[in-house]
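Following this message is one structure expressed as structure tokens.
The values are calculated or read from the model by the stated rules, or taken from the named source; none is laboratory data. Quick caveat: nothing in here was measured; it's all calculated off a predicted structure. Cβ sites come from the backbone with ideal geometry, for glycine too, and all protein chains shown count toward neighbours.
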Amino acid sequence: MAAAPAAETSCRLEFSVEMTCEGCAEAVRAALQGMAGVRLLDVRPETQTVLVEASVAAERVRERLEAAGRRAVLRGMGGPGAGEGTAAATGTAAAVAALRGPGAVRGLVRFLQVSPERCLVEGAVDGLRPGPHGLHVHEFGDLSDDCHSCGDHFNPDGERHGGPQDEHRHVGDLGNIWADATGRAAFRLEDSRLKVWDIVGRSVVVDAGEDDLGRGSHPLSGLTGNSGPRLACGVVARAAGLFENPKRLCTCDGLTLWDERDRERLPPPAPHL
Ligand code: ZN
């Protein structure tokens, strides 16, 4: 009997996964087996790569791999056919933004254009106060004055602020992400208005408070959703898709992939703001 089709758009995720022993591939298979929304496509211990098709947040897959005792880093995202050498796959546009702020908030947001009308937005932000936080694409990739120089929400159509499902909204309005009790917000959303090619060179900002999606009574509601001060921001940069030149996110200091992963995974300071 065929399984019910996934309601969510799936994409391909390529992970580097620490596999140094005999049986590592089996351990990876066991870790991902039965995980809803995840289909394991390939495990290659010799290159330490794992390829899956997923309709759940990449962060959830990574957490599952790490829970099985293997360090894992997401290396690339592609459309459903990526990695099969099709023209459509190689044409998939992807971008990434590493979020930093003056405080302890850190995050990574990835964008994948799986079709002209569908952009997957994926990521995780740490160091947040538990609860909702507004997330927006802003017009400028200018971090010269912390996140203040990022400009307003990206709004090429001269619209009012709204929620991601609204007809009238800023293109950059992605709504809220939700931080759990540890201060981490892992998210995956699909957007019909955002296009990767329109936002490269702009910025992503996460805010201290909840975006009211333009439905509040505060004067800022129709402008910003009144989501409070900007906690962290990052410039949207074009990113490698699957199986492209495996550039590291940061090539600045010669760290190994695993060093970078460990640095990103240092225990976050106590959640605040
Ligand atoms: Zn807005």
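If you scan region 141-156, which residues turn out to be part of a loop (DSSP other than H, G, I, E, B) and within 22 Å of Glu210 (Cα to Cα)?
Correct list: Gly151, Asp152, Phe154, Asn155.
When you check His153 against the structure, is it closer than 18 Å to Phe111 by Cα, surrounded by 19 or more Cβ atoms within 10 Å (Cβ to Cβ) and within 15 Å of the ligand (Cβ to nearest atom), yes or no?
yes
Listed here are the residues, each with its yes/no results for (1) within 12 Å of the ligand (Cβ to nearest atom); (2) assigned to a loop (DSSP other than H, G, I, E, B); (3) over 23 Å from Val105 (Cβ atoms).
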| site | (1), (2), (3) |
| --- | --- |
| His133 | no, no, no |
| Glu167 | no, yes, yes |
| Val206 | no, no, no |
| Glu210 | no, yes, no |
| Gly222 | yes, no, yes |
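Does region 200-215 contain at least one residue that is among the aliphatic types (A, V, I, L, M), surrounded by fewer than 18 Cβ atoms within 10 Å (Cβ to Cβ) and either free of Cβ contacts under 8 Å to residues at least 60 places away in the same chain or not assigned by TED's automatic domain parsing to the domain that holds Gly127 (or both)?
no
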